[in-house]
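A quick write-up on the structure given underneath.
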Amino acid sequence: MSYPVRIPGTGPPCPRTCRDYDVRLNNGVEGLRIAYSPTLGYADVDPEIAALVETAKDVLAGQGAVVEQIDPGFADPAETFRRHWFSAAAYMINSLPDDQKALVDPGLQEIAAQGADITMTQYMEAVSARNDLGETMSRFLDRYDLLLTPTLPLPAFKAGEEVPDRQAYPRWTNWTPFTFPFNLTQNPAATVPCGFTSEGLPAGMQIIGAKDADALVLRAARAYETSCPFRMPDNPNIQH
């Protein structure tokens, strides 16, 4: 059985277990109200990445979407995320047998050790802050169908490293300011490749929708990739 895509504000969401994501996948973005936030109001973004995402959002505007630059209106939720994630890591690792704990990635062990020091009061404060964040995004996406941001604020760095520069980015949460907020809010999101830096490193544009609007996120991603299919810089004639 197939169900139509839910456009925010037009009715209840489809049941999660019985929807067809192909329905209206190719309907494009004409007439959609799309917010564009290049920094979410607080992130530092590499100039080349910012320029590539700026060009990418113009592609959707050129397809008929009404794109407005505006921030969703919340402060950096990194501490809220850390209190959730780090305490969960502590709980998970504490449940392992001692011989398996020794096999855990050292970075995850460090996070778990920090999470073990988070108090119940601090955790409950984070739960309250997460609820507030979700309400803020819900109100914001009552006004807009989608939100666009960069996926990451910086080009790719050396493989196998948690961070590119320990002084500038103490933990991986410091270089993922655009993605973890929507783990907290439970908004569906997709990333589409949107070009390469001068050194040939990829950039991405993130597309975020209201809760249960997964199909609309996919529809916008399809619209962008139809106009700008992914091509490797060393094989520009081969699209993926």
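The values are calculated or read from the model by the stated rules, or taken from the named source; none is laboratory data. Bear in mind the structure is a predicted one, so any value in this text is a computation, not a measurement. Note: ideal-geometry Cβ built from the backbone for every residue, glycine included; neighbour counts use all protein chains shown.
Structure above, values below:
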| quantity | calculated |
| --- | --- |
| Residue ID - nearest to the chain's Cα centre (by Cα), chosen from residues in segment 113-125 that are small (G, A, S) and either closer than 18 Å to A78 by Cβ or outside any helix (DSSP H, G or I) (or both) | G115 |
| Counted residues, segment 68-96 - those being surrounded by fewer than 19 Cβ atoms within 10 Å (Cβ to Cβ), of a type in the set (V, I, T) and at pLDDT 95 or above | 1 |
| Failed item in (1) under 30 Å from R222 (Cβ atoms); (2) crowded, with 17+ Cβ neighbours inside 10 Å; (3) out of contact with any Gly (no Cβ under 7 Å at 6 or more places or on another chain), with F140 passing the rest | (3) |
| Residue in segment 177-213 that is surrounded by the fewest Cβ atoms within 10 Å (Cβ to Cβ), counting only those that are modelled with pLDDT of 95 or more and out of contact with any helix residue (DSSP H, G or I) (no Cβ under 9 Å at 6 or more places or on another chain) | T179 |
| Residue tally, condition outside any loop (DSSP other than H, G, I, E, B) and within 16 Å of T55 (Cα to Cα), over segment 23-40 | 3 |
| Selection count where residues are more than 20 Å from A50 (Cα to Cα) and either touching a His at 6+ places or on another chain (Cβ under 8 Å) or in contact (Cβ under 8 Å) with a residue 60 or more places away in the chain (or both), scope segment 173-185 | 2 |
| Given (1) out of contact with any helix residue (DSSP H, G or I) (no Cβ under 6 Å at 6 or more places or on another chain); (2) at pLDDT below 95; (3) small (G, A, S), number of the condition S227 does not satisfy | (1) |
| Test for E79: is it of a type in the set (D, E, K, R) and either touching a Cys at 6+ places or on another chain (Cβ under 6 Å) or farther than 30 Å from N27 by Cα (or both) | yes |
| Residue in segment 54-67 that is surrounded by the fewest Cβ atoms within 10 Å (Cβ to Cβ), counting only those that are out of contact with any strand residue (DSSP E or B) (no Cβ under 8 Å at 6 or more places or on another chain) and assigned to a loop (DSSP other than H, G, I, E, B) | G64 |
| Odd one out for S128, checked against (1) more than 24 Å from K211 (Cα to Cα); (2) exposed (fewer than 14 other Cβ atoms within 10 Å of the Cβ); (3) among the hydroxyl-bearing types (S, T, Y) | (1) |
| Restricting segment 164-176 to residues that are of a type in the set (F, W, Y) and not in a loop (DSSP other than H, G, I, E, B), the residue that is surrounded by the most Cβ atoms within 10 Å (Cβ to Cβ) | W175 |
| Matching entry among E161, E225 (being part of a helix (DSSP H, G or I), free of Cβ contacts under 8 Å to residues at least 40 places away in the same chain and surrounded by fewer than 18 Cβ atoms within 10 Å (Cβ to Cβ)) | E225 |
| Which listed residue, of L148, L152, L133, is touching a helix residue (DSSP H, G or I) at 6+ places or on another chain (Cβ under 9 Å), surrounded by 14 or more Cβ atoms within 10 Å (Cβ to Cβ), without any contact (Cβ under 8 Å) to a residue 60 or more places away in the chain and of a type outside the set (F, W, Y) | L133 |
| Pair list, Cβ under 9 Å, 6 or more apart: segment 13-25 residue within 16 Å of T226 (Cβ to Cβ) and charged (D, E, K, R), other residue modelled with pLDDT under 80 and in a loop (DSSP other than H, G, I, E, B) | D22/S2; R24/P4; R24/V5 |
| Residues that are over 18 Å from F180 (Cβ atoms) and of a type in the set (D, E), drawn from segment 136-164 | D142, D145, E161 |
